[in-house]
Amino acid sequence: VTVTGSAFTGRKLKAHPRLIEESVPFNLEADSLNAMVLGMKAAPGTEEFDLFVKEVTKEITVKAGQKCTAVRRIMVPENYLEEVQQAVSARLASTKIGDPSVEGVRMGSLVSRLQVDRVRASVEQLALSQQMVFGNLDAFDVVGADKDKGAFFSPILFRNDEPFDKQDVHTIEAFGPVSTIMPYKT
C-alpha cells in the first residue's frame with residue numbers, strides 16, 4: 001500500500017489491523033514541508049524577484065494549498081524579508097476565494113469541513129511561535145458560494161524571524177493555503 005497525504009491519515013491507515021495481520025508493505029509520503037529559496041542576487045525589482053513572488057503565491061493558493069508539493073517555508077535573504085512579505089501579501093490580497101466556476105475566482109475550498117478544522121488547528125499551533133502577517137481565520141470574503149456551508153479558508157502567511165529558535169515551522173504542516181517566510185544570512 002502506498003499513500004500520499006497527511007501524517008494523521010497515514011498513521012491511521014498504517015495501524016489498520018488487516019495491514020498488520022497480512023504484513024502488507026506500507027509506504028507513506030506525508031506532511032511535506034517543502035521550501036522555496038530566493039537567491040541573494042534576486043533583489044527586489046529584478047525579474048527573478050517578481051517570478052519568485054508569483055510562484056510562491058501560486059504555491060499557497062493552487063488547490064487551496066492541499067498538495068504534497070506545496071511550499072510551506074519561504075526562505076529569503078534577511079535584507080529582502082520585508083519586501084518579500086509585502087509583495088506576497090499584496091498578491092494574496094488580490095486572490096479571490098470561492099466557487100472556481102465564477103470569473104476571477106483563483107482559489108477554491110478545502111476538501112471538507114473536517115480539513116478546515118485540521119488546518120485551523122495547525123495554524124493556531126503555528127501562531128504560538130510566529131507572527132501571522134497575512135490572512136484571517138474568520139474574516140475573509142467568498143465569491144459565488146456560501147462561506148458558512150463550504151470548506152473555505154483564507155490564505156495565511158506567517159513570518160518567523162528566528163527559524164533556528166522557533167522550530168514549529170519545521171515540524172508542523174498545515175495542509176492548506178499556509179506558508180511561512182523566514183530569513184537566511186548566507
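Points to keep in mind about this one:
- Across the chain, the fraction of Cα-Cα pairs farther apart than 27 Å, rounded to a whole number, is 32%.
- Averaging 1/r over every pair of different alpha carbons in the stretch 46-123 and inverting the result gives a Kirkwood radius of 13.9 Å.
- Within the chain, longest stretch free of exposed GluC sites (Glu not before Pro) [DSSP loop, at most 11 other beta carbons within 10 Å]: 104-186
- Low-density loop positions, trypsin sites (Lys or Arg not before Pro), the stretch 2-46 - DSSP coil, at most 13 other Cβ in 10 Å: LYS41
- The mean accessible area for residues of the chain, using a 1.4 Å probe and ignoring ligands and nucleic acids, is 55 Å² per residue.
- Principal axis box of the stretch 104-186, alpha-carbon based, largest edge first, Å: 45, 26, 18
- Computed over protein heavy atoms with a 1.4 Å probe, the carbon and sulfur contribution to the accessible area of the chain reaches 51%.
- Stokes-Einstein diffusion coefficient of the stretch 1-99, Kirkwood radius over Cα pairs, 4 °C, 1.567 mPa s, in µm²/s: 81 µm²/s
The values are calculated or read from the model by the stated rules, or taken from the named source; none is laboratory data. In this text the structure is predicted, and so the values were computed from the model without any measurement. A quick note on method: Cβ atoms are made from the backbone with ideal geometry, for glycine too, and the neighbour counts reach across all protein chains shown. Only protein heavy atoms, including side chains, enter the accessible area calculation; ligands, DNA and RNA are left aside. Shrake-Rupley method; radii C 1.70, N 1.55, O 1.52, S 1.80 Å.
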